[in-house]
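The values are calculated or read from the model by the stated rules, or taken from the named source; none is laboratory data. Just so we're clear, the structure is a prediction, and the values are computed from it rather than from any experiment. Positions of Cβ are generated from backbone atoms using ideal geometry, with glycine treated the same way; all protein chains shown enter the neighbour counts.
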Amino acid sequence: MALRLTRVVRGDEPGQLIGSWSLVSRQTTLADGKVVVDPGLSAVPKGILIYDRSGHVAAQLSRPGRTVEMLASECADAEKVKGTGDTAQTILGYDAYFGTYTVDEKNGIVTHHLEAAIFPGDIGKSITRHFSLSGDTLTIKFSTTTRDGTPVTRTLVWTRLK
């Protein structure tokens, strides 16, 4: 049984996740503070994140400049992906999933419970994110690892679509 939003409030109330969000930036930072480019999605991916009132979430992120010619080599690379327990995986310059979400407002945590995903190994995962809201800006931050196992922190900044 899927978990649902722990508290549903009106989408026009301040500090609320409900709505559609457009990705402004996505930064990957090493433990020493150095910012690196994620080769899977690039420094400036396109993205949309949707939280609905009934407790469903959908996310899509895409690397700009993807071409059909890239697919063969990237498919071979995708076979090597082991995945991490706390993040969804990028395949062919794309990451997409949907499911339900729960919110711990007191601690600023949203958890996405993945029902389907572009990477089959992500299905069934629950991925936890720290979030903060300031007006129509949503910042999501989480610790993960790169494909080679290097610990990183990812920070995604979103703006509310109107």
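Among the residues of region 22-53, just one is assigned to a strand (DSSP E or B) and touching a Lys or Arg at 6+ places or on another chain (Cβ under 6 Å), namely 28. Of the residues that sit in region 31-57 and are surrounded by 17 or more Cβ atoms within 10 Å (Cβ to Cβ) and among the aliphatic types (A, V, I, L, M), which one is nearest to residue 99 (Cα to Cα)? If we take residues in region 31-57 being surrounded by 17 or more Cβ atoms within 10 Å (Cβ to Cβ) and among the aliphatic types (A, V, I, L, M), then 57 is nearest to residue 99 (Cα to Cα). Return the residues of region 138-161 that are without any contact (Cβ under 8 Å) to a residue 24 or more places away in the chain and either of a type in the set (A, V, I, L, M, F, W, C) or more than 21 Å from residue 111 (Cβ to Cβ) (or both); say none if nothing qualifies. Answer for region 138-161, where residues must be without any contact (Cβ under 8 Å) to a residue 24 or more places away in the chain and either of a type in the set (A, V, I, L, M, F, W, C) or more than 21 Å from residue 111 (Cβ to Cβ) (or both): 148, 149. Applying the condition of being under 17 Å from residue 42 (Cβ atoms), more than 12 Å from the chain's Cα centre (by Cα) and small (Gly, Ala, Ser) to region 76-120 and asking which residue is modelled with the highest pLDDT yields 93.
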